[in-house]
Amino acid sequence: MQVKEQMDILRRGCAEIISEEDLESKLEHSIRTGKPLRVKLGLDPSAPDIHLGHAVVLRKMREFQELGHEVFLVVGDFTGRIGDPSGKSETRPQLSMEKIMENARTYQEQAFKILDPAHTHTVFNGEWLSKLTFEDVINLASKYTVARMLEREEFRDRFHEERPIYIHEFFYPFMQAYDSIALDIDIELGGTDQKFNILFGRTLQREFNQEPQVAILMPILVGLDGVKKMSKSLGNYIGVTEDPKESYGKVMSISDEVMMTYYELATKLPEDEIASIGKALSSGELHPRDAKKRLAREIVELYHGHEAALEAEAEFDAVFREGGLPEDIPDIVISKEFLASGKIWCPKLLVMADLASSNSEARRLIQQGAVTVDGEKIQDSNEDIAVRTGMIMKVGKRKFARIQVS
């Protein structure tokens, strides 16, 4: 595929390319020499799941694969021990190696729902970073000034507010940049919050007499709240391996205002088709509910297949539009020994039914009016409720449990 055709594909959905001229030059050289570009994406396994926010960048990486380029998925087993300060107003907790490797295994499995595993080089940056001597680290540190480091927003704000900045945090961008040097990378992908780190890589590559990498920055997908970055820690995420029916319901819960952003960043629909949907919404020709159902189908089908998407939609319609119940409500067996005179404290039952992670969360859900038993809303978080076989507990719009007493 010629340069213009590749550029048209690679530009789609990008927030910024630094620089387009450099990318065109690298593509021209690749075509002329028959040598594929070396493309990198780094992932620090700080949590066990990949969500749609991660998928925005992974899908751009898949495009490079389909264009015949060589992609490197860099698992940050070493950098993960420090934690990327990007977007953080305080020092990140350091993870144990055991936890990092456990998360890394899950990351690889989930990333391959998007990437072609046969054409992905999965590497761990501990392979080269752990071999650096203290002299090597001092030499790296000599390539950059503290003044330049404090230009970074996170560090600048913490410095002015007299909140701690630990020296080891300064080394994170050095390590991410060194990954590019070790692999002789042509292009690095990342979210817009990675701009400082990726540009740092360009700077350091020059110091090592390498041609600077091109930075391709993808927009940050907002979470289900429509405000903050999609994040597992904030609970506003849709996981790529999440149950299809849960994913469908979550997509249907997003606000109309962010729907078109999800179309652009979380689906594979052609740009002209997305533009048509946006135009039909603006004119009133297309109802937002119908547009959102299409969006939910597209996202579920992308990760779970066509049949799963249709099943998820049918159940959503049955449960939320027709007032029915899901077909696969989990049965939770409660032993009589936990019941006093046939009753149990409601928050405790919610935890036992896996509808809340803790008693405090259960109390909060009750206070928010999110809990019903057989259609009746629970008003008092201190209430003991009578338990019987077959009773249906519901939390929010999508979580159900059927109680069985043994």
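Taking into account only those residues within the range 340-361 that are under 17 Å from residue 382 (Cβ atoms) and part of a loop (DSSP other than H, G, I, E, B), which is most open to solvent (accessible area, probe 1.4 Å)?
Top of the filtered list is 341.
Of (1) farther than 16 Å from residue 188 by Cα; (2) touching a residue at least 60 places away in the same chain (Cβ under 8 Å); (3) open to solvent by 30 Å² or more (accessible area, probe 1.4 Å); (4) among the hydrophobic types (A, V, I, L, M, F, W, C), residue 15 satisfies all except one. Which?
(1)
Any idea how many residues of the range 23-82 are among the small types (Gly, Ala, Ser), in contact (Cβ under 8 Å) with a residue 24 or more places away in the chain and not in a helix (DSSP H, G or I)?
Going through the range 23-82 one residue at a time, the tally reaches 5.
Can you name every one of the helices (runs of 4 or more DSSP H) wholly within the range 171-266 that holds 1 or more residues which are of a type outside the set (Phe, Trp, Tyr), more than 18 Å from the chain's Cα centre (by Cα) and crowded, with 20+ Cβ neighbours inside 10 Å?
Those helices (runs of 4 or more DSSP H) span 195-207, 244-252.
Mind counting the residues in the range 34-92 that are at positive phi and modelled with pLDDT of 85 or more?
2
What's the total number of residues in the range 308-339 that are in a loop (DSSP other than H, G, I, E, B), modelled with pLDDT under 75 and surrounded by fewer than 12 Cβ atoms within 10 Å (Cβ to Cβ)?
Count: 5.
Against the conditions (1) in contact with a Gly (Cβ under 6 Å, 6 or more places away or on another chain); (2) surrounded by fewer than 19 Cβ atoms within 10 Å (Cβ to Cβ); (3) not hydroxyl-bearing (Ser, Thr, Tyr), where does residue 291 fall short? Just the number, please.
Result: residue 291 passes all but (1).
The values are calculated or read from the model by the stated rules, or taken from the named source; none is laboratory data. Being a predicted model, the structure only gives us computed values, none of them experimental. We place every Cβ from the backbone using ideal geometry, glycine too, and count neighbours over all the protein chains shown. These accessible areas exclude ligands, DNA and RNA; they are computed on the full protein's heavy atoms, side chains included. Shrake-Rupley method; radii C 1.70, N 1.55, O 1.52, S 1.80 Å.
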